[in-house]
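Here the structure is laid out as structure tokens; the discussion comes afterwards.
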Amino acid sequence: QVQLVESGGGLVQPGGSLRLSCTASRFIFSFSAMGWYRQAPGKERELVVSITKSGSTKYADSVKGRFTISRDNAKKTVDLQMNSLKPEDTAVYYCNGALPGSGDNWGQGTQVTVSS
């Protein structure tokens with residue numbers, strides 16, 4: 001059983017920053033890919049950013065230049081640095097990890113609210 005635990009969400013003013021962290025129960029390089037998704041009220045879950053085992057990244061157009069994904073295999077973490085936050089970034093953010101042979105694994109989510 002793979003566990004992914006997110007942390008770091010909260011309330012921030014527009015223009016502010018937050019750093020989300022996803023801690024996995026196994027080494028990051030066990031996953032073929034990991035990523036962050038988000039789901040706003042009344043909307044479908046969408047990809048924010050993904051990173052493959054080789055390090056290739058894919059960012060949603062809406063977050064390019066503002067969000068950065070990073071990983072630390074020794075700490076078993078994948079972080080999401082979010083800068084210049086906008087009200088439209090408000091959502092529940094989920095960590096995702098794809099394991100070969102067992103498919104997608106999800107964390108429980110962490111709420112990010114951008115509001116003045």
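The values are calculated or read from the model by the stated rules, or taken from the named source; none is laboratory data. Computed from a predicted model, the values in this text were never measured in an experiment. Note that each Cβ is placed from the backbone with ideal geometry, even for glycine, and that neighbours are counted across all protein chains shown. Heavy atoms of the whole protein, side chains included, go into the accessibility calculation; ligands, DNA and RNA do not. Shrake-Rupley method; radii C 1.70, N 1.55, O 1.52, S 1.80 Å.
Taken as Cα centroids, the range 47-116 and the range 4-41 sit 5 Å apart, rounded to the nearest whole angstrom.
Extension gain for the segment residue 98 to residue 26, taken as residue separation times 0.36 nm less the Cα-Cα distance, is 24.7 nm to one decimal. Across the range 98-114, computed HN-Hα scalar couplings (Karplus, 6.51 cos²θ - 1.76 cosθ + 1.60, θ = phi - 60°) run 9, 9, x, x, 10, x, 7, 10, 10, x, 7, x, 9, 7, 10, 10, 10 Hz from first to last residue, x flagging Gly and Pro. In order along the range 6-20, phi translates into HN-Hα couplings of 8, 8, x, x, x, 9, 9, 7, x, x, x, 10, 9, 10, 9 Hz, rounded to whole numbers, per the Karplus curve 6.51 cos²θ - 1.76 cosθ + 1.60 with θ = phi - 60° and x for Gly and Pro. For the chain, with all protein chains in place and a probe radius of 1.4 Å, 47% of the accessible heavy-atom surface sits on carbon or sulfur.
Determine the relative contact order of the range 1-63: mean sequence separation of Cα pairs under 8 Å and six or more apart, normalised by residue count, in whole percent.
Numbers: 74 pairs, mean separation 13.8, N = 63.
Taking the mean separation of contacting Cα pairs over the length of the range 1-63, I get 22 percent.
In this structure, the residue pairs whose Cα-Cα separation is over 22 Å, taken from 43/75; 43/86; 43/64, are 43/75. In this simple spin-label model, placing a label point 7 Å from the Cα along the Cα-to-Cβ direction at both residue 2 and residue 53 gives a separation of 1.1 nm. Per residue, the range 51-116 exposes an accessible area of 51 Å² to a 1.4 Å probe, with every protein chain left in place. Below 8 Å between Cα atoms, with a sequence gap of 6+, how large is the relative contact order for the chain in percent? Over the chain, the number comes to 38 percent.
Amide H contacts for residue 90 (H built 1.01 Å from N in the peptide plane; partners 5 or more residues away or on another chain; cut-off under 5 Å): 114. Surface calculation, 1.4 Å probe, protein heavy atoms: residue 29 sits at approximately 90 Å² accessible.
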